[in-house]
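One structure below.
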Amino acid sequence: MRGFTIVEMILALVLAGLLIAGGISFYMMAQTAWKEGDTQIRLQRSANNAMEAMTRGAGSSLDVWGRAGLREATSWSIPSTTPANSQIIFMDGIDGTTRSFYLQGSDLIYDPDTKASGNEIVMTENVTTLQFQNSSSSRIAIALTLAEDVASRTMSVSLNTEVLLRN
């Protein structure tokens, strides 16, 4: 009976090592792609929810975001003291409450009543850009960008909309 030679054993170990290395490499690439895709979806969902809450409110009058968004505003102002127009103060046309959206660090903050302190709500994190502009007397343009680093790569989502005020 003849067994395996040392050369055959070494060749088999080298081939097995290459297969294992290829499998690990494929797994690492798939894991990175999964993380990037998951982050992109999460950022898109967060940006969409924040934009929806800013423009339309959250729907229910008992909801945490308040009663209405910018489209129900009767008046608004964009303070020139904030960098890059990153704050808007508006009066709600439903109950006359003065509300505000603004950027604090990388957090988008909603203040459901600017006269009361301590009731601010973080709507979303990882915001790199929040900009409000008067595009006409009855329209407000909003630009929102969220970004997050994943596996030494920056994933970002940008949304732009224009709100037509009802009041």
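The values are calculated or read from the model by the stated rules, or taken from the named source; none is laboratory data. Everything quoted here is computed from the prediction, not taken from an experiment. Cβ atoms come from the backbone with ideal geometry, glycine included; neighbour counts cover every protein chain shown.
Quick notes on this one:
- Selection count, segment 128-164, where residues are in contact with a Phe, Trp or Tyr (Cβ under 8 Å, 6 or more places away or on another chain) and touching a residue at least 60 places away in the same chain (Cβ under 8 Å): 2
- Test: residue in segment 55-78 that is at pLDDT below 95, assigned to a strand (DSSP E or B) and within 18 Å of the chain's Cα centre (by Cα): no
- Whichever residue in segment 106-137 is touching a strand residue (DSSP E or B) at 6+ places or on another chain (Cβ under 7 Å) and of a type in the set (Gly, Ala, Ser) and, among such residues, is nearest to Ser75 (Cα to Cα): Ser135
- Positions within segment 86-104 being within 23 Å of the chain's Cα centre (by Cα) and surrounded by fewer than 17 Cβ atoms within 10 Å (Cβ to Cβ), in sequence order: Gln104
- Entry remark, segment 113-139: residues being among the hydroxyl-bearing types (Ser, Thr, Tyr) and within 28 Å of Arg42 (Cβ to Cβ) number 3 in total.
- Any hit, segment 32-51, residues being in a helix (DSSP H, G or I) and either more than 30 Å from Leu130 (Cα to Cα) or in contact with a helix residue (DSSP H, G or I) (Cβ under 8 Å, 6 or more places away or on another chain) (or both): no
- Scope segment 94-111; condition assigned to a strand (DSSP E or B) and among the aliphatic types (A, V, I, L, M); matching residues: Leu103, Leu108, Ile109
- Output for segment 73-118, where each listed residue is more than 16 Å from Val163 (Cα to Cα) and of a type in the set (Val, Ile, Thr): Thr81, Thr82, Ile94, Thr97, Thr98, Ile109, Thr114
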